[in-house]
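Read through the structure below, which is laid out as structure tokens, and then see the notes.
None of the figures in this text is laboratory data; all of them are computed from the coordinates on show. Values in this document were obtained by computation on a predicted structure and should not be read as measured data. Cβ coordinates were reconstructed from backbone atoms using ideal geometry, including for glycine residues, and neighbour counts include every protein chain displayed.
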Amino acid sequence: MEPYTFSQQLTEEEYAKHSFDLLPQRRQLVFLLGAGLVLIPWAFWSNFHENLAGKGPVLFLVFATIGIYLPFGFRQAVKRAFRASTFLRNSVTYTITNDGVEARGVGASFQVAWDVYKTQREKEGMVLLYNASGVAITFLKKEQFTPKALDFIRYKLPPA
């Protein structure tokens, strides 16, 4: 394939929306959130003094509350990281070649070979390229691609 070059600039909301894909422990975070959503109502429903003794209810409420609020804190941390990064906040020029993906932006440039990426996923207007740990390390806006360039990425990387 001929090198395909385009520029894009992610917004803070786009980055935050897909930032969950930066976590290799996504399943554990979803479990914590689910456990928090189930355990807090159960704790209020049960009679603490008759069914649970000692400090169990207090610890239970603490861990359940952490399980619920952890995703919200993560999203705020991602937004702070976006605001602090000149590379993420400014336009980045990507070049897709037979060797991999090159990116050039303010303050940084990098090249990632195709063998570093293991899968790709098309998700809500984005193409996310994942490494072996299951972490999305490259976020590309789908609107920037020609059909031929998008087919090339699909050919190079299996869907996640």
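What net charge is computed for the residues neighbouring residue 151, neighbours being all others with C-beta under 13 Å from the C-beta of residue 151, Lys and Arg scored +1, Asp and Glu -1? Mind showing how you got there, number by number?
Working: positive: 142, 148, 154, 156; negative: 122.
Net charge in that neighbourhood comes out at +3.
Cβ crowding within 10 Å ranks 140, 70 as 70, 140, fewest other Cβ atoms first. Close amide H pairs (under 5 Å, H built 1.01 Å from N) link residue 123 with 128, residues at least 5 positions away or on another chain.
Between beta-carbons, use under 15 Å as the cut-off and find the net charge around residue 105, counting Lys and Arg +1, Asp and Glu -1.
Working: positive: 89, 104, 141; negative: 102.
The answer is +2.
Straight-distance candidates among the lysines for linking to residue 141, with alpha-carbon spacing under 27 Å and chain neighbours fewer than 8 residues away dropped: 17, 79, 118, 123, 156.
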